[in-house]
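Structure record follows, encoded as structure tokens.
The values are calculated or read from the model by the stated rules, or taken from the named source; none is laboratory data. As the structure is a prediction and not an experimental result, all values here were calculated from the model. For neighbour counting, all protein chains shown are included, and Cβ atoms are generated from backbone atoms with ideal geometry for every residue, glycine included.
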Amino acid sequence: MAYSEDTRVLHINDVARVGSMMTNYARSQGRHWALATIPPGKPTLASVKSRLDDLLTASQRIKPADILHIHYAPNGYYGWGFDGPLVIHFHGTDLRQDLYQPIKRQLIQQSVKRASAVVYATPDMETAAKELDPDAVYLPNPIPDEFLTRNYPHAIAGRIVFNMRWDDSKGGRALIDAARELVVLGYEVHGIDWGTHRNEAAAAGVKLRPLMPADEFSDFLATGQAIIGQLSIPALGISDMQSLATGRPLLMGKQNSSAPITPVSPETLVANTVDVMQSEMTSETEMQRAQLQREWLRDNHSEAQCLKAWESLYRKLLG
């Protein structure tokens, strides 16, 4: 059976809304895709029970699928009994951290052995993914078209927005130290009340906002005269793409892509941010920057481009 618009693709789990974004877009284009969410995989008895209960009924949802696409590799056991093409999708922490935890490593390795295809969400994971499966494929994360055409609020002079959660995987102490220094310099620094170091961020003077829906988050990002992203990983996360879509300058760790960001290091972050905040930009220059950033996103991460890449893989799996 060749892949077609009628092929039933079932996505298991929704990481950073990637599964739901792609499923919703594919369905809007006439595809027969579906998404099944699963209980959180937390190390508690209640979570384990929820997962076991969910697994008992999972086969009823999975059996009708022509292709099973599982997001976040430790969840791969949902596909161990599936007799069609199985896709295991690495999203980041599963490959960078979970792979080095003994139990999760065994789950990941067993799932990779059973997989028809292994895919990874950001280019920086290529080497590690190909060590597990030499044929591993990069599938880009999407950004919804609505964020590329959205009418964003104006930036607030003197405001800087941090777009990531406050934990070590994003830059940890270096981000908190930079935020503290920027507050001392007189800037209004905002961020999200999220991550293991969020209390330290608040103590540093960051005005924390609660987690919010994606559209509200994008508008919040746009209120920054500058946006600061994570420092640790040479790849764009979903929040980084949303930041670029606002048209505001995005300062973050160096990337291994052509993304139109301002690359910084922990040592240069504050100075680079001050330079951006003090630069005199005309409305025309700001419009040009916004256009450049959105065009790059359209070319590399639009829903249409992602659908094309994802379906190319599915066609290979079904012959």
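Val183 fulfils the conditions (1) aliphatic (A, V, I, L, M); (2) assigned by TED's automatic domain parsing to the domain that holds Asn75; (3) part of a helix (DSSP H, G or I) except for a single criterion, (2).
Within segment 28-46, the set of residues being farther than 20 Å from Lys63 by Cβ and either outside the structural domain of Gly76 (by TED's automatic domain parsing) or not in a loop (DSSP other than H, G, I, E, B) (or both) comprises Ser28, Leu45, Ala46. Consider segment 248-284 and keep the residues that are surrounded by fewer than 16 Cβ atoms within 10 Å (Cβ to Cβ), among the charged types (D, E, K, R) and modelled with pLDDT of 95 or more. The one that is nearest to Gly229 (Cα to Cα) is Glu267.
Go through segment 93-149 and give me each residue that's among the β-branched types (Val, Ile, Thr), farther than 17 Å from Ser312 by Cα and within 17 Å of the chain's Cα centre (by Cα). Correct list: Thr93, Thr122, Ile143.
Restricting segment 216-243 to residues that are touching a Phe, Trp or Tyr at 6+ places or on another chain (Cβ under 7 Å) and not acidic (Asp, Glu), the residue that is farthest from Arg96 (Cα to Cα) is Ala222. Only residues that are among the aromatic types (Phe, Trp, Tyr), under 25 Å from Ala290 (Cα atoms) and assigned to a loop (DSSP other than H, G, I, E, B) were counted across segment 131-166, and they come to 1. Look at segment 125-137: where a residue is farther than 22 Å from Glu311 by Cβ and a partner is among the polar types (S, T, N, Q) and assigned to a helix (DSSP H, G or I), sitting 6+ places away or on another chain with Cβ atoms under 9 Å, you get Leu132/Gln109.
Annotation note: Cβ proximity below 8 Å between a residue of segment 1-26 that is not assigned by TED's automatic domain parsing to the domain that holds Leu236 and a residue that is acidic (Asp, Glu) and in a helix (DSSP H, G or I) (sequence gap 6+ or interchain) occurs for Tyr3/Glu311; Met21/Glu303; Met22/Glu303; Tyr25/Glu303. Among the residues examined, Leu45 does not qualify as more than 28 Å from Ala2 (Cβ to Cβ), touching a helix residue (DSSP H, G or I) at 6+ places or on another chain (Cβ under 8 Å) and at pLDDT below 95. Candidates Leu95, Leu99, Leu107: the one that is touching a Lys or Arg at 6+ places or on another chain (Cβ under 6 Å), in the same structural domain as Ala65 (by TED's automatic domain parsing) and closer than 20 Å to Lys42 by Cβ is Leu99.
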